[in-house]
1. Can you work out the base-10 log of I(q)/I(0) for region 104-254 at q = 0.11, 0.12, 0.13, 0.17 1/Å, using the Debye formula on its C-alpha atoms alone?
2. In nm, to one decimal, how far is the Lys111 label point from the Ser714 one, both placed 7 Å along Cα→Cβ?
3. Which of the pairs Lys601/Lys628; Lys111/Lys236; Lys131/Lys205 have their Cα atoms more than 26 Å apart in this structure?
4. Quote the Stokes-Einstein diffusion coefficient, in whole µm² s⁻¹, for region 96-183, based on the Kirkwood radius over alpha carbon pairs, a temperature of 4 °C and a viscosity of 1.567 mPa s.
5. Could the peptides 465-476, 89-100, 185-196 be put in order, highest first, of the mean number of other beta-carbon atoms found within 10 Å of their residues?
6. Once phi is turned into θ = phi - 60°, what whole-Hz ³J(HN,Hα) does the Karplus curve with 6.51, -1.76 and 1.60 give for every residue of region 531-548, x standing for Gly and Pro?
7. For region 566-722, what D do you get in µm² per second when you plug the Kirkwood radius from alpha-carbon pairs into Stokes-Einstein at 37 °C and 0.692 mPa s?
8. Could you check the simple spin-label distance between Arg696 and Ala469, using points 7 Å along Cα→Cβ, in nm with one decimal?
Amino acid sequence: MLQKRVELILQQLEAVPAFPDASDIAAGALNVARTVGREQFESLQQFQQKRGGDALRYATVACGAYHAFASAAQQTSTEDSFDREEFWRHAIAVGCCAQLMVEQMLGTWGKDCGLEVFEAFACGLLHDVGKLVLETVLPKSFGRAVEAAEMLRGNIADVERAVIGVDHMVAGKRLAEQWELPAPLRDCIWLHGQTPSALPTTVAKPRLVNLITLADTLVREQHIGYSGNYTFPIAKQTLIDAIGITQEQIDAVLQQLIDQIEPYADALGVGKIKAAELYQKALSQANRELDRVQVELDVKNRRLAIRTKFFEALSGFQGEIRPDAPPQTVLRAIGQTAVGVLDVSSAAIFSLIPGQNFAEVILLDANGDVFENTLVDCPQRPAINLIGDGPVLNAGAELEWLLSMISPRLGHDQRYWICLEADGMCVGGVVWGGQLGESQRLGPQVQEITAIASGWSLALRTAQIREEARTLAEQLAEVNRKLQSAQAEILRSRTMITVGEMAAGAAHEMNNPLAVISGRSQLLAQQLSDPKHKAAAHLIHEQSHRLTDIITELMDFAKPVPPKPVETDLADLIDRALHEAKLQADVVDRTVEVTIGDVPKVVVDTDQAMGALIELFDNAFHATDPVKGHIVVNAAFDPFSRKVAVTITDNGCGMDEQTLRRAFDPFFSMRPAGRRRGMGLAKALRWVEASGGSIRLESRPGQGTRSLVLLPASQPSANQAKRAARRAAP
């Protein structure tokens, strides 16, 4: 598509005027020849003898090309943007510069330099003839290219390719082919501006092409005429080395250049171009360019100052953040950076962790000091696809939940904010107060604010993820602890069930044989007369009865009576249990202290709970010294768990770790064999758990034992709850 468009454009070159007949411009060519070779000029015949036929030919080409376009000049849409007079001044200056450089090189190299004065002048004069072609064929499009190049301060050839589809080098080459101009001249028109290393190998005179490129560069540096190219992509030293000219020779050329232009303009008929006028225009153009560069430099300096400010702020922010910094630290660092770069008197920075319905908020003053840190409920997470002038947004309904809490502390009437986003959602923000037009005030800094906001977002989200991971690890550890406890409880329950099933089965199988043994031993004792044998029969009956009691106890453990919880006064329960325990044990001189605080009633099966307490008291009595033994009973209430805690602490022998671990196992006892069956604590635990309580033991050898019994408390009435709330109020 583009190639076809280019071809259509190039076909319009037929509209370009034909090259004038040589006879029509003989006088002009002679003037050009006289001007270029004025020192050696005597007559046309003598000139041709000294310079050869090519010299006059190039003079004719130069003059003919100028007059061809001068005669075709007309009013076009580009008259205000493309100045032909300034264009020809530039062209003549390039031709003169090229001629002067060749003269310098002839003085050093002689004919070995391979260049001719007339040839160099003609190539320099016509190097940009393609611009005249485009201006003649496509005046409106070329006018737009001229204006764009002026505005962008770039190379007009690049703009021509973008606007028209073809540049002036190609257009000039096609014209040179149409006019059948010499190959060196055609190559200079087509390839000037190329780096020496990029020239095709088919170029007949690459030094000449490089010479024209250098001449064009030197003339543009002197601000002579109009070229439309504001860039210098090729290093001047590269061209100097490729041509073989010295810097001293170039300096000599530049000293003569302005004075050389006036006679050449007269020879071509361009008009009166005075050297003083050229100096003045070049100086004015240089001053305008200097002013423009100064303005651009001021703008760049301001931009650089802004970017330096933000870069230093971002560097300082990153320096404040440790790799393991929590969100609170990151929020504070964001706030300290924000009040500086945004130039505000105070700011609020909030963090929104995904999945949570509250935000952590800190407020900072102009010095970056935190003066408030709070949590705010967030009923709805702010959307990030909000319309605003860059990253600075007007705070509205999406932040009402936050503004209602912090707005009075921000100052000014208007509220603005920057949304900190990550993974497509808002994870926090910076909020501040300002006046109308805050977005416009910060407009020149929009790129920097966007960049630093991205850094804030990344740091905040990283801290949030780290905090989420820390919380998750803690929750996982807690779950593991609960799982281990649950597994131990399940194992204990399974053991209890197994023991219960075994005990129930054994009791069922042993009841009938024991009944027979008990009955027959009684009959046998009645029939025997020998006292020794009669005593043996009674012993059998007693032991069978004992086995029956054991089986009954096993059955009670295996299949306890379902509890019947009722509200029970704890003080009365402890008093009765302690009384029963004292009846079963030889208390002697042991001291027992009972302290019961303000505790509510407990909801338990009274008989089972009292039986459990009796077992614990009995253990405490047996573990302590009859004379020095000391037992402390204390009761307190925990309103958070709604549990009444009963502690029984003794100063007895205590238990080692293995005994403590197996204390609630059925049939386990640390007392000598034959003293106990090891069912006391096991039954006590089952009775307390049946009512919704629990028992825990703490003990060390030689330091006594502490038994903790947790019993469910009764629910308070409405009046009791009100009184408790009043007591708790400050």
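Where a number appears in this text, it was derived from the coordinates with a stated rule and is not lab data. Just so it is clear, the model here is predicted, and its values are computed rather than measured. Every residue, glycine among them, receives a Cβ derived from its backbone with ideal geometry; neighbour counts consider all protein chains shown.
1. -0.43, -0.51, -0.60, -1.00
2. Taking the simple label geometry, Lys111 and Ser714 are separated by 13.5 nm.
3. Details: Lys601/Lys628 33 Å; Lys111/Lys236 24 Å; Lys131/Lys205 23 Å.
Over 26 Å Cα-Cα: Lys601/Lys628.
4. Numbers: Rh = 14.6 Å.
In µm²/s, the coefficient is 89.
5. Values: 465-476: 12.3, 89-100: 28.2, 185-196: 22.0.
Averaged packing, sorted descending, gives the order 89-100, 185-196, 465-476.
6. Each residue of region 531-548 in turn: x, 5, 5, 5, 5, 5, 5, 5, 5, 4, 5, 5, 5, 5, 5, 5, 4, 5 Hz.
7. On the way: Rh = 16.0 Å.
Stokes-Einstein gives a translational diffusion coefficient of 205 µm²/s.
8. 3.3 nm
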